Amino acid sequence: MTTMPDWLPGIRILAWARDGGAQVDGYPWRLVLHTTEGGESQTTDSAQAGYSARGIWPHFTADIRNGKTWDIVQHGPLSRGATVMDNDAGGAAQTNRAHCIAIELIGQADRARELFSNEGFRWLGTKLAPIFGPGLVQFHGPPPHRPFVDATDGWVAREDAFQRFTIEEWNTYDGVCGHCHGPEDEHYDPGKVDIFLPSFFAGAGQTQVEEGDIVVAMSKEEFEALLNTTIDKRIDDLEKRLPGMMDQAEQRARVKLALSFEKTNQRDALIEAAKLGSERAASQP
Ligand SMILES: [Zn+2]
């Protein structure tokens, strides 16, 4: 077991004006990604004005947008909760204080695929490496039935949206997720960043991409067969949650095509990360 550090080395501090109280025991550590939804000219420094105005603060703010100078700042110690998530009376006992580490990425959820890159996420992984390890945040994203989403996925900005964790899932989750997964919340940021996670994990020092290893070991045909089964399951799940949406064969085919495209991108990212992982392993003295 390693202890979670309060402050990460080499990261500039811009202290928050308010924290959410001490982290509460009994929850695994997890990293929750957000996007600030600010404009093009927003920076890690100027984002502070928005946090002050709304009285909500994350632990970190990072700018890893393509074409910008990448930067990260830390606002508060990780042993204290951030104040970026909702917490309703009578629901989840804890949200912000449930061993969550909150990071706001400058940018907009609906533009995630266009704003961010594997390179930016790899850089971010190098900065956040100390939060990963045994007893700390684990190297995985949410399960396939709780994807990262954006507005093209339909009713995602609701408390009962299909991508949100149940209270049980939330209480036991130990990897990297998004505000979109938080129970009792209506936000769906940070958008579809799932394809960048293998690069993020590789940057944070993971030398083995478990899911990637399995995928890479498969032939194209085996992968496509698995892909179809996964997609059929996901469509069935959508059907249950949104009755009538998949009534028409044409609509089902369209969703299937979109999901295949998304999964193919994930496969490419996993392969890239796995290659990078073996390069790193080979270059270790
Ligand atoms: Zn958020």
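When ASP19, ASP6, ASP45, ASP86 are checked against the criterion of being in a loop (DSSP other than H, G, I, E, B) and buried (at least 19 other Cβ atoms within 10 Å of the Cβ), ASP19 stands alone in meeting it.
Answer yes or no: is there a residue in region 120-131 that is under 16 Å from the mean Cα position of the chain (by Cα), in a loop (DSSP other than H, G, I, E, B) and modelled with pLDDT of 95 or more. No, region 120-131 has no match at all. Looking at the structure I just gave you, is HIS99 modelled with pLDDT of 95 or more and either aromatic (Phe, Trp, Tyr) or in contact with a Ser or Thr (Cβ under 9 Å, 6 or more places away or on another chain) (or both)? No. The numbered conditions (1) modelled with pLDDT under 95; (2) crowded, with 23+ Cβ neighbours inside 10 Å are all true for PRO58 except (1).
For the structure I just gave you, tell me whether PHE196 is among the aromatic types (Phe, Trp, Tyr), within 13 Å of the chain's Cα centre (by Cα) and away from the ligand (no atom under 16 Å from the Cβ). Give the derivation first.
Details: among the aromatic types (Phe, Trp, Tyr): yes; within 13 Å of the chain's Cα centre (by Cα): yes; away from the ligand (no atom under 16 Å from the Cβ): yes.
When the stated conditions are applied, PHE196 passes them.
Can you tell me which residues in region 58-83 are more than 12 Å from the ligand (Cβ to nearest atom), in a loop (DSSP other than H, G, I, E, B) and either more than 20 Å from ASP110 (Cβ to Cβ) or aliphatic (A, V, I, L, M) (or both)? Within region 58-83, HIS59, ILE64, THR69, TRP70, HIS75, GLY76, PRO77, LEU78, SER79, GLY81 meet the criteria. Taking residues in region 172-201 that are more than 16 Å from LEU105 (Cβ to Cβ), and partners anywhere that are basic (Lys, Arg) and not in a loop (DSSP other than H, G, I, E, B), the pairs with Cβ atoms closer than 8 Å and at least 6 places apart or on different chains are TYR173/ARG30; ASP174/ARG30; GLY175/ARG30. Looking only at region 163-180, count every residue that is more than 16 Å from ASP88 (Cβ to Cβ) and either within 16 Å of the ligand (Cβ to nearest atom) or in a loop (DSSP other than H, G, I, E, B) (or both) and tell me the total. Residues meeting the conditions: 8. Checked against (1) in contact (Cβ under 8 Å) with a residue 24 or more places away in the chain; (2) among the acidic types (Asp, Glu); (3) away from the ligand (no atom under 16 Å from the Cβ), ASP160 meets all criteria but (1). Kindly evaluate VAL149 against the criterion of being touching a Pro at 6+ places or on another chain (Cβ under 6 Å), part of a loop (DSSP other than H, G, I, E, B) and either under 22 Å from THR172 (Cβ atoms) or among the small types (Gly, Ala, Ser) (or both). In short, no.
The values are calculated or read from the model by the stated rules, or taken from the named source; none is laboratory data. Bear in mind that the values here come from a model prediction, so they are computed numbers and not experimental data. When we count neighbours, we look across all protein chains shown, and the Cβ atoms used for this are built from the backbone with ideal geometry, even at glycine.
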